[in-house]
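The values are calculated or read from the model by the stated rules, or taken from the named source; none is laboratory data. Keep in mind it's a predicted model, so treat the numbers as computed, not measured. Positions of Cβ are generated from backbone atoms using ideal geometry, with glycine treated the same way; all protein chains shown enter the neighbour counts.
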Amino acid sequence: MMPAFYEKHCKRYRAYYPVIKEHFTSSAAQKAALRVVSGPLAWGMYGAYALLLVLQGIEGYHLFDGDLRPETSVPLLDKLYFCVLLPFLIFAVTTVVRNMINAPRPYEKYDITPLFPKSTKGRSCPSRHTACAFAVAFAWFPANFAVCAFLCAAAVLIGISRPLCGVHFPLDAVFGFLVALAVQLVGVGLYVFI
């Protein structure tokens, strides 16, 4: 059973979702834009992550400023920690938490039809799409702050798109971000202080 504040939030969402859905179904352009954010943009995050892994695999690529000076290259274990371990931990913690909570999705809990077909049952909170989008953005932070900032903005759009599509409650996306942020902060803290 979810806490009372979450249940109250779900009921408010149910009341407003018909207005949200009408807004997007009344305009083909807006619905198409939402489809891009909820689909191809999410896949673009995986492409950005693959690019990061390739760049970090280049011998001598400096993790912190993108420089190709071999004398300043960062040890492989540091690259693996920031680029592989922390994103994996965000994915794993989010997956474990959502499986433990197993909250129903809006279309399961209420008479809501998502804007785009979705059949997944349960595991609504936290949103793994949101958490993983932020994991990719955070992985870029030590490599290139500008890319990190751009990807954080894209992750926010992905998080917003999930409730607009009717596949998550808004708090699911917020909790996805918070799980990603908490794991990242603990991971960076351990790296700095240990």
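Residue by residue through the range 123-160, note down the ones that are part of a loop (DSSP other than H, G, I, E, B) and at pLDDT 95 or above.
Narrowing the range 123-160 to residues part of a loop (DSSP other than H, G, I, E, B): 123-127, 141-144.
Hits for the range 123-160 are 123, 124, 125, 126, 127.
Residues that are of a type in the set (A, V, I, L, M, F, W, C) and surrounded by fewer than 21 Cβ atoms within 10 Å (Cβ to Cβ) within the range 159-176 comprise 160, 174, listed in sequence order.
Can you find, within the range 76-98, the residue that is farthest from residue 56 (Cα to Cα) among those that are charged (D, E, K, R) and modelled with pLDDT under 95? Don't jump to the end; show me each part of the working.
Within the range 76-98, the subset charged (D, E, K, R) is 78-79, 98.
So of that shortlist, the ones also modelled with pLDDT under 95 come out as 78-79.
Values: 78: 10, 79: 7 Å.
Selected residue: 78.
Taking the criterion of being hydroxyl-bearing (Ser, Thr, Tyr), more than 30 Å from residue 28 (Cβ to Cβ) and touching a residue at least 60 places away in the same chain (Cβ under 8 Å), would at least one residue in the range 94-106 satisfy it? So that I can check it myself, show each step before the final result.
So the first thing to find is which residues in the range 94-106 are hydroxyl-bearing (Ser, Thr, Tyr), and the list is 94-95.
Then drop every residue that is not more than 30 Å from residue 28 (Cβ to Cβ), which leaves 94-95.
Checking the rest, the ones that are also touching a residue at least 60 places away in the same chain (Cβ under 8 Å) come to 94.
For the range 94-106, residues hydroxyl-bearing (Ser, Thr, Tyr), more than 30 Å from residue 28 (Cβ to Cβ) and touching a residue at least 60 places away in the same chain (Cβ under 8 Å): present.
Whether any residue in the range 164-176 is farther than 29 Å from residue 17 by Cα and assigned to a loop (DSSP other than H, G, I, E, B) is what I want to check. No, there is no match, as no residue in the range 164-176 is farther than 29 Å from residue 17 by Cα and assigned to a loop (DSSP other than H, G, I, E, B). Taken over the range 23-39, the criterion of being in a helix (DSSP H, G or I) and either surrounded by 10 or more Cβ atoms within 10 Å (Cβ to Cβ) or of a type in the set (S, T, N, Q) (or both) is satisfied by 23, 24, 25, 30, 31, 32, 33, 34, 35, 36, 37, 38.
If the condition is being within 17 Å of the chain's Cα centre (by Cα) and surrounded by fewer than 16 Cβ atoms within 10 Å (Cβ to Cβ), then the range 96-128 contributes 96, 99.
Any idea which residue in the range 3-18 is surrounded by the fewest Cβ atoms within 10 Å (Cβ to Cβ), counting only those that are of a type in the set (Ser, Thr, Tyr) and within 14 Å of residue 111 (Cα to Cα)?
The first filter runs over the range 3-18 and keeps only residues of a type in the set (Ser, Thr, Tyr), leaving 6, 13, 16-17.
Pick out the ones that are also within 14 Å of residue 111 (Cα to Cα) and you get 13, 16-17.
Details: 13: 21, 16: 11, 17: 21.
Once the filter is applied, the top-ranked residue is 16.
In summary, residue 64 fulfils each of the numbered conditions (1) part of a helix (DSSP H, G or I); (2) at pLDDT below 95; (3) out of contact with any Cys (no Cβ under 7 Å at 6 or more places or on another chain) with the single exception of condition (1). Selection of first residues in the range 129-145 that are under 14 Å from residue 55 (Cα atoms) and of second residues that are outside any helix (DSSP H, G or I) and of a type in the set (A, V, I, L, M), restricted to Cβ pairs under 8 Å at least 6 apart or on distinct chains, gives the following pairs, ordered by first then second residue: 142/63; 143/63. Restricted to the range 177-194, and to residues there that are of a type in the set (A, V, I, L, M) and within 15 Å of the chain's Cα centre (by Cα), the residue that is surrounded by the fewest Cβ atoms within 10 Å (Cβ to Cβ) is 182.
Number of residues in the range 15-30 that are out of contact with any Leu (no Cβ under 7 Å at 6 or more places or on another chain), under 22 Å from residue 156 (Cα atoms) and charged (D, E, K, R): the value is 0. Residue 156 meets all of the listed conditions (1) under 26 Å from residue 12 (Cα atoms); (2) surrounded by 21 or more Cβ atoms within 10 Å (Cβ to Cβ) but one, namely (2).
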